[in-house]
Each structure stands twice: as structure tokens, then as C-alpha cells.
1. Any idea which of B:GLY479, B:GLY411, B:GLY449 is over 22 Å from B:MET236 (Cα atoms) and in a loop (DSSP other than H, G, I, E, B)?
2. Can you say whether B:HIS25 is surrounded by fewer than 21 Cβ atoms within 10 Å (Cβ to Cβ), within 16 Å of ligand 1 (Cβ to nearest atom) and under 20 Å from B:VAL153 (Cβ atoms), as far as the supplied structure shows?
3. Just for segment B:43-55: of the residues that are in contact with a helix residue (DSSP H, G or I) (Cβ under 7 Å, 6 or more places away or on another chain) and near ligand 1 (Cβ under 10 Å from one of its atoms), which one is nearest to B:ARG83 (Cα to Cα)?
4. Consider A:ILE288 carefully, then state whether it is more than 30 Å from B:ALA359 (Cβ to Cβ), away from chain B (no Cβ under 14 Å) and in contact with a Phe, Trp or Tyr (Cβ under 7 Å, 6 or more places away or on another chain).
5. If you scan segment B:341-370, which residues turn out to be more than 7 Å from chain A (Cβ to nearest Cβ) and either surrounded by fewer than 18 Cβ atoms within 10 Å (Cβ to Cβ) or aliphatic (A, V, I, L, M) (or both)?
6. Consider B:LEU40 carefully, then state whether it is buried (at least 21 other Cβ atoms within 10 Å of the Cβ) and in contact with a helix residue (DSSP H, G or I) (Cβ under 8 Å, 6 or more places away or on another chain).
7. Which residue out of B:ARG419, B:ARG363 is more than 16 Å from ligand 2 (Cβ to nearest atom), within 26 Å of B:LEU261 (Cβ to Cβ), in contact with a Gly (Cβ under 6 Å, 6 or more places away or on another chain) and not aliphatic (A, V, I, L, M)?
8. For segment B:171-187, give me each residue that is more than 22 Å from B:ARG83 (Cα to Cα), of a type outside the set (Phe, Trp, Tyr) and away from ligand 1 (no atom under 16 Å from the Cβ).
Amino acid sequence: MKRILGILVLFILVYIATAVMAANEGAEFLSGFTQENLLRRVAPIGILGIGVAFVIITGGIDLSLGSMVCLIGVGVAWLLTDVGWPIWLTLSMALLVSAAIGLFHGTLITKLNLPPFVVTLCGLLMYRGITRGFTQDQTAGFGTEFTGLRQLSKGEIPVPFVEGFQMPVPFVLMLVVAVIAAIFLNKTVAGRHLMALGNNEEAARLSGVRTTALTILAYVICSVLAGFAGLLHILEVGLEQPATAGNFFELFAIAAAVLGGCSLRGGTGTIAGVVIGTALIQLLRQMITIVFPRQQSMEYLMIGAVLLVGVIADELVRRAVAKRRAARIG
Amino acid sequence: MSGNESPLLEVRGIGKQFPGVRALHDVGFHLNGGEVLALLGENGAGKSTLMKILAGVQPPDSGEILLEGEAVRIDSVQDAMERGIALIHQELNLATNLSIGANIFLGREPRKFGLIDEATINAEARRFLDLVGLKIDPREVVGNLTIGRQQMVEIAKALSIDARILIMDEPTSSLSSKETESLFAVIKDLRKRGVSIIYISHRLGEVKELADRVTVLRDGENAGDLERHEIEHDRMVSLMVGRDLSQFYPHEPHAAGDMALEVRDLRSPAHPKHAVSFQLRAGEIVGLAGLVGAGRTELIETIFGVTHSAGGEVRVAGQKVDIRSPRDAIQAGLALAPEDRKQQGLVLEMAVRENLSLASLSRDQRHGFLNLKKESEISEEMIGKMRVKTPTDRQVVRYLSGGNQQKVVLGKWLAMKPRVLLLDEPTRGIDVGAKQEIYALMEELARDGVAILFVSSEMEEVLGMSDRTLVMHEGRLTGELQRSELSEEAVMRLATGGAKAAAA
Ligand SMILES: Nc1ncnc2c1ncn2[C@@H]1O[C@H](COP(=O)(O)OP(=O)(O)OP(=O)(O)O)[C@@H](O)[C@H]1O
Ligand SMILES: [Mg+2]
């Protein structure tokens with residue numbers, strides 16, 4: 001709990017500030033529709049963030065996430081509509097390709113000892129390039145079809161006794177992913193081993209931890225979740241340009257993971273923190289849209305500044321907690 | 001101290017509190033010019049903490065420090081250096097990716113036209129390396145050196161500061177006997193030139209040889225002082241432990257059981273030309289002696305699958321096993337407690353209990369989930385048995401004293417209850433009381449049928465604890481001594497490459 005306290009407080013403050021400012025401007029924020037929208041947008045980045053958290057915990061990084069979203073998202077739309085594959089085959093293919101890419105990254109990083117930054121940077125360039133190739137740079141989309149499948153992203157679940165607000169399905173899917181990921185990290189042997197190897201790989205290896213296999217596994221988890229996020233993304237927006245789909249997603253996801261307490265040095269991080277970190281970033285973007293509609297260009301500045309504040313606040317909270325603990329015992 | 005003159009350094013009433021640990025309470029001592037003061041105490045007694053305070057690494061909560069009778073505040077390492085105080089830390093603090101010269105002058109690089117003056121660095125570094133008897137090129141990268149040599153680089157670095165007060169926190173724990181000798185020569189020479197030295201060690205023989213006076217800490221408080229003529233093994237021990245230790249080596253030879261480990265023509269990648277063969281029976285404690293660099297660590301790391309063997313085979317309990325990784329070795333029933341605890345043994349950011357259970361997690365798992373109940377049991381048992389000094393088993397290992405970290409590493413492997421236990425320098429940096437506990441544990445495990453092979457550079461330990469001793473020299477197994485043939489001379493002769501004398 002202590003580890004996510006800083007980010008949680010920051011999130012609540014920004015949330016209250018947004019509500020107050022929106023009320024002053026006469027803009028709509030606390031309405032069911034806006035809240036639904038917010039939750040819906042947290043889902044894909046949240047899933048990416050959870051995936052990249054695994055990689056960051058091993059001390060690595062994945063820069064290819066945005067291009068993965070493009071490859072899988074645009075690829076799925078293209079296969080379904082332009083090529084005409086059935087849904088089951090398309091989705092299996094998406095899963096297979098995502099997992100294979102993770103395996104590819106992980107193998108190069110562990111067996112050939114290549115730096116994760118470089119391997120995934122090449123991925124960032126290649127996967128977008130491939131997508132632009134097979135689509136011949138043409139937009140891919142669903143038109144009015146596949147409404148059933150698109151429920152995964154567009155669907156809503158009524159909440160009992162609450163009017164005017166329904167729970168978006170993608171947010172629920174993200175929560176399921178988050179819970180599974182948290183259990184995996186905190187309760188399973190593999191999760192513990194991952195934390196250990198992120199901090200001291202040599203000590204872990206000598207303790208019989210399969211460091212190579214686990215590191216590869218982290219990259220596979222990351223890529224598969226990126227593929228899933230890409231699927232949800234395309235199902236939500238309906239059509240995408242191969243040249244721009246998923247641009248900057250990797251940076252938002254990494255920012256969310258860092259806000260959520262993952263150290264890029266490896267060995268630390270919580271899933272709850274990543275989810276709150278994502279929510280904070282999407283909240284900020286929403287805030288700019290509804291409160292400062294004429295200052296859209298400030299978006300990156302705002303997010304960058306908040307990331308910095310968040311990391312500083314986190315460090316200060318950590319120190320305060322340590323001090324209080326010392327005082328209590330001393 | 002002569003007349004009313006104040007000592008060079010005096011500390012009074014020093015107190016220091018960490019979360020859950022009172023590291024120091026009302027501690028005082030003094031140090032005269034040109035003397036060697038040994039600071040003794042069990043693991044966690046507060047020795048390193050006190051020295052870090054003097055060197056400006058951490059501030060005290062209370063108390064005062066007087067230099068030549070004048071109260072001073074030491075706020076930073078820089079500050080301490082300017083007052084002529086240098087500390088050689090218990091753990092190595094070198095940038096392994098930089099050269100020796102760069103490390104020696106790190107933070108104090110001489111410059112020329114605004115750029116680092118490499119020529120001066122290398123010339124000066126060579127001078128200090130000569131002083132500690134290290135004949136290597138200062139341009140060599142530190143990461144390529146053995147641990148012992150890295151330690152000598154640390155010492156050279158401290159000398160380069162030109163300190164009046166030089167503090168050495170367990171400097172010999174990773175040195176070979178030759179390196180130790182040259183360090184002693186350096187210390188004696190410094191003393192002659194009027195430098196004062198505070199010397200921390202768990203090796204009481206060294207203290208006897210070097211120290212002019214001894215100050216002992218126990219549980220963060222002063223336990224007593226000894227003058228030169230009072231420095232004797234038993235008096236030091238009883239001040240440290242607060243009781244007498246009888247029968248230091250509990251070893252009783254016992255009947256060896258079935259074949260536990262058989263190594264045939266094994267070649268380590270470090271010494272691929274020499275094939276090594278030996279056998280280990282259940283319930284046997286076998287010492288692996290030799291000089292530092294003889295290839296002992298390489299040999300057991302090859303057995304354990306840390307490095308790939310360059311040929312040969314390993315049999316465990318009569319079965320040939322193909323060990324390609326530590327994981328394979330663990331599954332075959334082997335365990336290795338490595339030499340370099342910080343690098344290889346501990347996940348520093350994790351809690352004591354998590355470190356203790358790390359190697360047995362897979363064994364105790366329930367369908368992939370952590371068995372937290374078992375984990376508490378293990379940690380409670382091992383903390384008790386090893387007498388690990390920690391406020392709770394949830395303390396982060398980074399905050400334990402050096403010796404207590406070592407106990408956690410050992411505890412992790414002992415908790416595995418392996419068939420064959422490989423120990424690399426098991427008591428390095430461990431206090432006398434805990435050493436005896438570790439010997440007792442080895443004894444207990446052997447009685448339970450575990451075969452133990454331990455590497456040790458401490459002759460006393462080899463003589464005291466082994467049923468049989470294997471001796472290595474430059475990657476070769478030069479001989480095997482039964483307990484009846486065991487003597488310091490016999491071991492040294494083999495360790496330096498001589499032949500075994502005709503059996504008596
Ligand atoms: N930064 C820290 N945070 C919490 N506890 C600490 C910290 N540093 C030291 N301690 C605790 O203070 C006590 C004294 O530690 P110290 O390192 O001074 O012992 P030591 O006498 O040098 O022991 P050793 O012989 O094992 O090196 C120990 O109980 C240790 O766990
Ligand atoms: Mg110490």
C-alpha cells in the first residue's frame with residue numbers, strides 16, 4: 001500500500017482539480033458519459049503498462065509497444081475485412097504473432113546478450129514498417145461490420161442501482177489482466193523469481209532460478225499484452241492508419257509504469273501502481289480536452305511535467321515513510 | 001598517551017539508531033598518533049557503523065568527535081578526507097568498468113588543460129600499487145582482477161589520500177596469505193611513519209600480530225579494552241562474546257557412508273589442461289585448501305554448473321548427472337554457498353526471509369504458488385540456528401551487517417538440506433561465536449549424511465574441521481591428506497606445488 005500511496009494521492013488531487021475546473025468552465029466531467037470514456041481509454045494503455053512492467057522489473061525495456069499495437073490492431077482489421085479471414089483464425093494469428101515477437105525479443109536479449117533498448121528499438125521500426133507494407137499504407141477498418149466482436153471494446157455492462165453510468169467492457173478486461181498479473185507477481189514462485197533476478201541476476205541464477213527462461217517469459221507476456229491492447233484499440237476506434245496507429249503508446253505505457261513505481265533499474269514495481277499511473281495519464285489528457293480545449297498543444301508538456309512531479313512525490317513519500325518508521329521505533 | 005596531551009582522535013558518547021536497531025549506544029574510544037588500534041566485536045556489534053561515522057559516511061545521532069582535543073563535525077566523506085581520515089570499506093567499492101588508475105583517483109582526477117591527465121594518474125597509481133606490492137598495469141580494468149587484487153586496489157586508493165588516520169574494515173577477508181603479508185608490511189611501515197590505523201578483523205591471529213591496543217564492542221556498546229600485553233586469544237573472545245567458548249572445533253571424525261559425489265577428470269574452463277578427480281562420501285567433511293588463485297572456486301563452480309565444464313563427468317550418489325546450470329545441480333541434490341556474497345549470494349533489496357527461502361521456493365511450491373507458511377518456518381529456523389542479528393525477518397538484507405549477510409547466504413543453502421554441500425569460504429567475515437555455530441551446523445549436517453566440501457584459506461579451519469583435505473595448486477589437485485597426515489606444513493607444501501612427503 002505504501003508503495004502506491006504517492007501516486008494514489010496525486011491521482012486524487014488531479015481528479016478533484018479537474019472536477020472543480022470543469023465545473024467552473026461549465027464543462028462536463030463528472031457525468032456518466034465522461035467517466036465511461038475515461039475508463040474506456042485507460043484500458044489499452046493500462047494493459048500495455050502492465051505488460052511492460054514485467055519487462056521493466058527484469059531491468060529491461062520494450063520500445064516496440066506502439067508498433068505492436070499498430071501491427072496487431074491494423075493487422076486484425078486488414079485480415080478480417082481486406083483478406084476475409086474468419087474471426088477465430090485472425091485472433092489465433094494475432095496471438096501467435098504477438099507471442100513470437102516476444103520470444104524473438106527475449107531470445108536475442110538473453111542468448112545473444114543484446115541490450116533490450118536496441119532490440120526493441122529495431123522492433124519499433126520494423127513492425128510499423130511491416131504493417132505499412134502489407135496494407136500498402138492504406139487505412140484498414142471495420143465499417144459497420146463486426147459489431148459483435150467490437151463489443152469487447154465498445155460494450156458496456158449495466159451497474160445495478162446506478163443510472164446513467166455503465167461499466168465499459170475493456171476496463172473490466174484490463175482489471176482481469178491486472179488481477180492475474182498481480183497474483184502472478186506476488187504469489188507465484190515465478191513472480192518472486194522475476195523480482196529476484198531483476199535485482200541481482202547472479203544471486204538468482206546461483207539459487208537455481210531459470211533466469212534466461214524467466215526473462216524471455218517477461219518479454220512474451222509483454223508482447224502478448226501489447227497485441228491484446230492493439231486488438232482492443234482497433235475494436236474501439238474502428239479504423240486506423242498504419243502510419244500513425246499506436247504512435248507514442250509505448251511512451252505512455254512506460255510513463256505509466258514508472259509513475260506506478262517501477263524502477264528502470266529493475267527489481268521493483270506493483271501492478272496496482274501501473275494501473276493508477278495509467279489512469280492519471282489518461283485523466284490528464286481528458287482534462288486538457290474538456291477544460292482547456294484551445295490548449296491541446298500543451299498535452300505532452302503537461303504529461304511530462306506530471307510524470308516528473310509524480311516521480312519526485314513518490315521519492316518524498318518513500319522518505320517520509322522511512323523516517324516515520326524510524327521515529328516510531330527510535 | 002603521554003602526560004596531559006590529548007590523543008589524536010577521541011570519540012565520546014556516540015549513539016546511532018536505525019529503524020528497529022540500536023546500532024551504537026554511548027560508545028567511546030581514543031586513538032593515539034602512530035598506533036594500530038584493533039576494533040573487535042561480533043557481527044552486528046556496530047564496528048562498521050562507528051567507522052562510517054568517523055569517515056563522514058553517516059552522521060551520528062549523538063556524541064562528539066575530537067581531533068587533537070578539538071571538537072569537530074564530520075559532515076561528508078570529503079570533509080573526513082580533508083581532516084586526514086580515510087576508510088577502506090568492508091565491501092569493495094570499485095567501479096569495475098574502469099581502470100585501476102581511474103578508480104584510485106576517482107573524484108580527485110588530476111587535470112591538464114581541463115582534461116583528465118591520464119599520464120599523471122597512471123604514474124601515481126603505479127607508485128601506490130608498488131607500495132602495496134601489486135605488480136600490475138594501472139590501466140588494467142578492475143573488473144578483470146581477482147577479488148583479492150581488487151581489495152589491494154582499495155588499499156592503494158586509501159593510501160593515495162595520504163591520511164593521518166587510516167581505517168581498515170576487514171581488509172584481509174579476501175586476501176591470499178601473500179597479499180596479507182604485504183599488507184602487514186605496509187601497515188607496519190605506515191605506523192613507523194606516524195600514521196594511525198584502526199584495524200577491524202575477525203581473525204584474532206592478525207590482531208595479535210599487529211595491534212598496539214584493542215577496543216571491543218558488544219551489541220553496540222563498549223565491552224572493554226586491552227593493552228598490548230593483554231592481547232590474547234581467549235581474552236579477546238570473552239570480551240566479544242561475553243562468555244568463554246570451549247572446544248572451538250566440534251569436529252569428531254565419523255565413518256564415511258556411501259559415495260555421494262564423484263568427480264572424474266573434470267576440467268574447469270579456467271584450467272582446461274588439468275583434469276581433476278576426487279570422491280566425496282556421505283557424512284564426510286572435506287577441506288579444499290590451496291592458495292588464492294589455485295582454482296578452487298573455479299573447480300566447485302564447474303561442478304555446480306555455474307561455468308560449463310571443459311570435459312569430464314560428475315556422479316551424484318552413483319548416478320551420472322549432466323549438470324549444465326545451477327538449476328540442474330540443485331535438482332541433483334547439490335548446493336553451493338558462493339564466495340562473493342554481495343554479488344552472488346543475496347538479493348539485497350529483498351527481505352531476510354525472502355532471501356533465506358529463495359533457493360527452496362521451487363521445492364516447496366504448491367502448484368506454482370508460494371508456500372508462505374513454509375517460508376516463515378525456514379526463516380525462523382535459520383535465523384535462530386545461525387543467530388542472524390536482525391530486527392525481524394522482514395528486514396531488507398541491505399541493512400544487515402556484513403557478517404549477518406554472510407549468515408543469510410549460508411542459511412539459504414543449509415535450508416535446502418542438500419545431499420552434497422559445497423561451501424566457498426564459509427566463515428569469511430564471520431565472528432568467532434557464529435563461526436562456531438557454523439562449524440556445529442556443518443557437523444550436524446555431516447552426521448545427518450550430507451557430504452560437505454569446503455574451500456577455505458584459513459589454515460586453522462582446514463586443520464580443525466576436515467576429515468580429509470584436498471590441496472590444489474595452479475589448477476591441479478596436488479594431493480590428498482588424511483586426517484592423520486594433516487599438518488600446516490603438509491598442506492603448505494602441496495599448496496605451493498611440492499610433492500606429498502612419504503607417508504609417515
Ligand atoms: N543502514 C542501516 N539500516 C538499518 N540497520 C543498519 C544499517 N546499517 C547497519 N545496521 C544495523 O546496525 C547494526 C550494526 O551494524 P554494523 O555493520 O556496524 O556491524 P559490524 O560490527 O560491522 O558487523 P560485521 O562484523 O558483521 O561487519 C547491525 O545490527 C546492522 O543490522
Ligand atoms: Mg562490518
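1. On the way: B:GLY479 fails: in a loop (DSSP other than H, G, I, E, B); B:GLY411 fails: in a loop (DSSP other than H, G, I, E, B).
The unique qualifying residue is B:GLY449.
2. On the way: surrounded by fewer than 21 Cβ atoms within 10 Å (Cβ to Cβ): yes; within 16 Å of ligand 1 (Cβ to nearest atom): yes; under 20 Å from B:VAL153 (Cβ atoms): no.
The answer is no for B:HIS25.
3. Filtering segment B:43-55 for residues that are in contact with a helix residue (DSSP H, G or I) (Cβ under 7 Å, 6 or more places away or on another chain) and near ligand 1 (Cβ under 10 Å from one of its atoms), the one nearest to B:ARG83 (Cα to Cα) comes out as B:SER48.
4. Answer is no for this residue.
5. Of everything in segment B:341-370, those that are more than 7 Å from chain A (Cβ to nearest Cβ) and either surrounded by fewer than 18 Cβ atoms within 10 Å (Cβ to Cβ) or aliphatic (A, V, I, L, M) (or both) turn out to be B:ALA351, B:VAL352, B:LEU356, B:ARG363, B:ASP364, B:ARG366, B:HIS367.
6. Working: buried (at least 21 other Cβ atoms within 10 Å of the Cβ): yes; in contact with a helix residue (DSSP H, G or I) (Cβ under 8 Å, 6 or more places away or on another chain): yes.
In short, yes.
7. Working: B:ARG363 fails: in contact with a Gly (Cβ under 6 Å, 6 or more places away or on another chain).
Going through B:ARG419, B:ARG363 in turn, the sole match is B:ARG419.
8. Scanning segment B:171-187 gives B:LEU175, B:SER176, B:SER177, B:LYS178, B:GLU179, B:THR180, B:GLU181, B:SER182, B:LEU183, B:ALA185.
The values are calculated or read from the model by the stated rules, or taken from the named source; none is laboratory data. Keep in mind that this is a model prediction, so the values were computed, not measured. Every residue, glycine as well, gets a Cβ built from its backbone with ideal geometry; the counts of neighbours run over all protein chains shown.
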